[in-house]
Amino acid sequence: MIARLDLPVSVRARDASLFVRRATGDDLEAIMRLLSDDPISAGRGDVASDDDRAAYATALAAIVDDPSNELVVAVDAAGGVIGTLQLTVIPGMARRGSARLLVEAVRVASAERSSGIGGALMHWVTEQAAVDLGTSLVQLTSDAARTDAHRFYTRLGFVDSHVGFKYAVPVPGHPTR
């Protein structure tokens, strides 16, 4: 079980303060837009289609209900959702039984990229890893095509130490990329 994050919080990004809170069902449309706002995600089928709303709603409910997961959104001063990310605590046997924090689906609205929001969110995540979550390692994967993201994570102190592998399981109605 994940230790619950102390949310909501204010996080400072260069010239603005962000409000970081748990995602709710009311955030579904905004999260779908953030996913589709990314060309790689859009190429995998995340196009914010009304036809997919039920699948996204089911996924959001499953994440919110899972005590090992947090789905958070970053909200600007006007109340708009401008970023999101998913955090999963994974208990482990390696590293003397250490738990690790997996960061997934990091998205910042394209109009807000390069404004410090992503960096502020990731600094907040790494601080929470030990303080609130008791994890000794923060890990993430990034598509090989995301060279800008790789430079971003390296600047934040992440090390590209492993090679990841994926196997696309053929499931009817789901993209396999």
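The values are calculated or read from the model by the stated rules, or taken from the named source; none is laboratory data. These numbers were taken from a predicted model, which means no experiment stands behind them. Backbone-built Cβ (ideal geometry, glycine too); neighbour counts: all protein chains shown.
Per-structure values
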quantity	calculated
Residues of the range 1-20 classified as within 17 Å of residue 118 (Cβ to Cβ) and not polar (S, T, N, Q), total	10
Residues that are touching a residue at least 40 places away in the same chain (Cβ under 8 Å), of a type in the set (Asp, Glu) and under 28 Å from residue 91 (Cβ atoms), drawn from the range 13-70	27, 70
Residue within the range 157-165 that is part of a helix (DSSP H, G or I), farther than 24 Å from residue 35 by Cα and either among the hydroxyl-bearing types (Ser, Thr, Tyr) or out of contact with any Pro (no Cβ under 7 Å at 6 or more places or on another chain) (or both) present	no
Looking only at the range 26-54, and only at residues there that are among the small types (Gly, Ala, Ser) and more than 15 Å from residue 85 (Cα to Cα), the one that is surrounded by the fewest Cβ atoms within 10 Å (Cβ to Cβ)	54
Condition check for residue 120: in contact with a helix residue (DSSP H, G or I) (Cβ under 7 Å, 6 or more places away or on another chain), surrounded by 15 or more Cβ atoms within 10 Å (Cβ to Cβ) and more than 16 Å from residue 88 (Cβ to Cβ)	no
Pair list, Cβ under 7 Å, 6 or more apart: the range 139-153 residue more than 23 Å from residue 95 (Cα to Cα) and in a helix (DSSP H, G or I), other residue polar (S, T, N, Q) and at pLDDT below 95	149/142; 150/142
From the options 18, 34, 60, 28, residue that is among the aliphatic types (A, V, I, L, M) and not in a helix (DSSP H, G or I)	18
Hey, residue 77 of a type outside the set (Val, Ile, Thr), farther than 23 Å from residue 41 by Cβ, at pLDDT below 95 and not in a strand (DSSP E or B) or not	yes
Single unsatisfied condition, residue 125 versus (1) surrounded by fewer than 18 Cβ atoms within 10 Å (Cβ to Cβ); (2) out of contact with any Asp or Glu (no Cβ under 7 Å at 6 or more places or on another chain); (3) under 21 Å from residue 69 (Cα atoms)	(1)
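Yes or no, residue by residue, for (1) of a type outside the set (D, E, K, R); (2) more than 17 Å from residue 106 (Cα to Cα); (3) at pLDDT 95 or above:
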| position | (1), (2), (3) |
| --- | --- |
| 27 | no, no, yes |
| 47 | yes, no, no |
| 52 | no, yes, no |
| 67 | yes, yes, no |
| 71 | yes, no, yes |
